[in-house]
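Written out below as structure tokens is the structure these notes cover.
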Amino acid sequence: MRKSDKAPEIAVLIILYVLVFVLSFSIGRYPVNPLELIKILLSRILPITPDWTPQAESVVFNIRLPRILASTLIGAALSLSGLIFQIIFRNPMVSPDVLGTSTGAGFGAALALLLALPSFSVPLLAFIMGITAVILVWAIASKVPSNQVLGLVLGGIMISSLFQSGTSFIKLVADPEDELPSITYFLMGSLAGAGMDEVRLIIIPIVISIIPVLLLSWRMNILSLPEEEALSLGVNTRLIRGIAIASATLMTASTVAVAGVIGWVGLVIPHITRMITGTDSRKTIPASIILGAAFLTAVDTVSRSATYSEIPIGILTSFIGAPFFLYLIIKEGRKNEA
């Protein structure tokens with residue numbers, strides 16, 4: 001496939017993201033107009049004489065920019081993770097938490113909050129438990145060598161259930177005046193506390209996860225084929241699947257560690273991406289990254305601007321995702337009837 005074949009859709013999505021990026025600075029209790037934004041951003045690399053207020057510069061660099069960068073990285077990671085799992089399991093209803101990463105990470109964060117560990121322990125323990133959940137699932141799947149995909153699905157269901165039960169127990173014994181509200185708010189998903197420290201924490205694992213997926217994008221198409229047919233093409237499907245799952249897991253665990261559990265993005269955005277670009281992974285992978293970044297940045301802008309008190313972003317993504325999921329069910333039902 002020539003690069004020009006996928007240039008129009010990708011170019012449009014890049015323009016969409018740039019518009020969302022600029023508008024996100026312009027919306028809020030202290031709006032920054034686009035021209036002023038460009039000058040403030042360029043002032044860090046070019047000798048521009050300031051004609052803006054110190055408050056505007058503080059809002060851009062200390063509040064808006066870190067949060068927008070975090071929503072960009074998290075949206076891209078969740079969207080790509082969902083797409084990877086949908087390709088691997090050949091199921092459009094799969095989301096990034098299929099292998100228990102989100103529930104494991106949520107359990108880790110809840111445990112850290114229950115034990116009143118230092119603040120840095122919350123994302124750290126969330127990340128560790130998210131990775132641990134997938135390691136357990138992979139160990140279970142290895143016991144079903146004849147059908148690795150089935151083993152992953154069954155393992156994911158079991159491990160997710162165990163970690164979800166653990167989180168429910170933690171909420172049951174948590175102090176309702178102090179610990180329980182913190183745990184509940186974290187599990188709703190929010191970028192309220194996102195700063196440059198959080199951006200630095202997730203940028204490396206997310207970027208190093210995206211790179212191999214982009215490099216293997218042309219081989220990802222093969223994973224959507226039946227196993228026997230894929231093997232007949234001389235492709236090591238087990239290796240590609242392992243790299244893809246490792247990348248998706250690392251991305252999902254990183255996002256939950258920083259922003260809590262943000263649902264539906266990994267289910268909704270891959271579908272919209274396929275509607276725009278088709279099913280070729282060489283198109284859908286980069287498009288999903290860009291569209292996911294734009295989507296979550298837009299939703300986060302609404303979450304911090306719609307009301308006086310910030311709405312947890314997980315609530316808004318659920319409002320959008322649930323009706324879309326219903327649409328998918330109805331659409332699939334009509335296909336089966338036809």
Scan the range 161-182 and report the pairs whose first residue is more than 18 Å from Ala259 (Cα to Cα) and whose second residue is of a type in the set (Phe, Trp, Tyr), with Cβ atoms within less than 6 Å and a gap of 6+ or a chain change.
-> Phe163/Phe107; Gly166/Phe107
Flag if Arg200 is over 19 Å from the mean Cα position of the chain (by Cα), among the basic types (Lys, Arg) and part of a helix (DSSP H, G or I) = no
Please list, ordered by first then second residue, the pairs with beta carbon atoms under 9 Å, 6 or more apart or interchain, first in the range 35-58 and closer than 17 Å to Val22 by Cβ and at pLDDT 90 or above, second open to solvent by 50 Å² or more (accessible area, probe 1.4 Å) and outside any loop (DSSP other than H, G, I, E, B).
-> Ile40/Glu57; Ser43/Glu57
In the range 42-62, the residues that are surrounded by fewer than 17 Cβ atoms within 10 Å (Cβ to Cβ) and within 27 Å of the chain's Cα centre (by Cα) | Phe61, Asn62
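Looking only at the range 64-75, which residues are open to solvent by 10 Å² or more (accessible area, probe 1.4 Å) and not basic (Lys, Arg)?
The initial filter retains those residues of the range 64-75 that are open to solvent by 10 Å² or more (accessible area, probe 1.4 Å), namely 64-65, 67, 69, 72-73.
Passing the criteria: Leu65, Leu69, Thr72, Leu73.
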Taking only pairs six or more apart or across chains, which ones have beta-carbon atoms under 7 Å, a first residue in the range 218-232 that is at pLDDT below 70, and a second residue that is surrounded by 15 or more Cβ atoms within 10 Å (Cβ to Cβ) and not hydrophobic (A, V, I, L, M, F, W, C)?
-> Glu227/Thr237; Ala230/Thr237; Leu231/Thr237
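Taking the range 107-121, which residues are over 17 Å from Ile159 (Cα atoms) and either open to solvent by less than 40 Å² (accessible area, probe 1.4 Å) or assigned to a helix (DSSP H, G or I) (or both)?
Kept after step one, since they are over 17 Å from Ile159 (Cα atoms), are these residues of the range 107-121: 112-121.
Matches in the range 107-121: Ala112, Leu113, Leu114, Ser121.
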Keeping to the range 261-270, report how many residues are open to solvent by less than 10 Å² (accessible area, probe 1.4 Å) and either in contact with a Leu (Cβ under 6 Å, 6 or more places away or on another chain) or at pLDDT 95 or above (or both).
-> 4
In the range 170-182, the residues that are exposed (fewer than 13 other Cβ atoms within 10 Å of the Cβ) and part of a helix (DSSP H, G or I) = Leu172, Val173
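Does Arg219 satisfy being basic (Lys, Arg), touching a helix residue (DSSP H, G or I) at 6+ places or on another chain (Cβ under 7 Å) and surrounded by fewer than 21 Cβ atoms within 10 Å (Cβ to Cβ)?
Details: basic (Lys, Arg): yes; touching a helix residue (DSSP H, G or I) at 6+ places or on another chain (Cβ under 7 Å): yes; surrounded by fewer than 21 Cβ atoms within 10 Å (Cβ to Cβ): yes.
So Arg219 passes the test.
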Take the range 222-235 and flag every residue that is open to solvent by 60 Å² or more (accessible area, probe 1.4 Å) and either of a type in the set (A, V, I, L, M, F, W, C) or not in a helix (DSSP H, G or I) (or both).
-> Ser224, Pro226, Leu231, Leu233, Gly234
Conditions: (1) closer than 23 Å to Met93 by Cβ; (2) open to solvent by 20 Å² or more (accessible area, probe 1.4 Å); (3) of a type in the set (Lys, Arg). Arg282 meets all but one. Number of the miss?
-> (1)
Could you figure out which of (1) within 30 Å of Ala293 (Cβ to Cβ); (2) open to solvent by less than 30 Å² (accessible area, probe 1.4 Å); (3) in contact with a Lys or Arg (Cβ under 8 Å, 6 or more places away or on another chain) isn't true of Gly156?
-> (3)
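The values are calculated or read from the model by the stated rules, or taken from the named source; none is laboratory data. It should be emphasised that the depicted structure is a prediction, and the values quoted were computed from it without experimental measurement. Don't worry about glycine lacking a Cβ; one is built from the backbone with ideal geometry, like all the others, and counts go over all protein chains shown. With ligands, DNA and RNA removed, areas are computed over all heavy atoms of the protein, side chains included. Shrake-Rupley method; radii C 1.70, N 1.55, O 1.52, S 1.80 Å.
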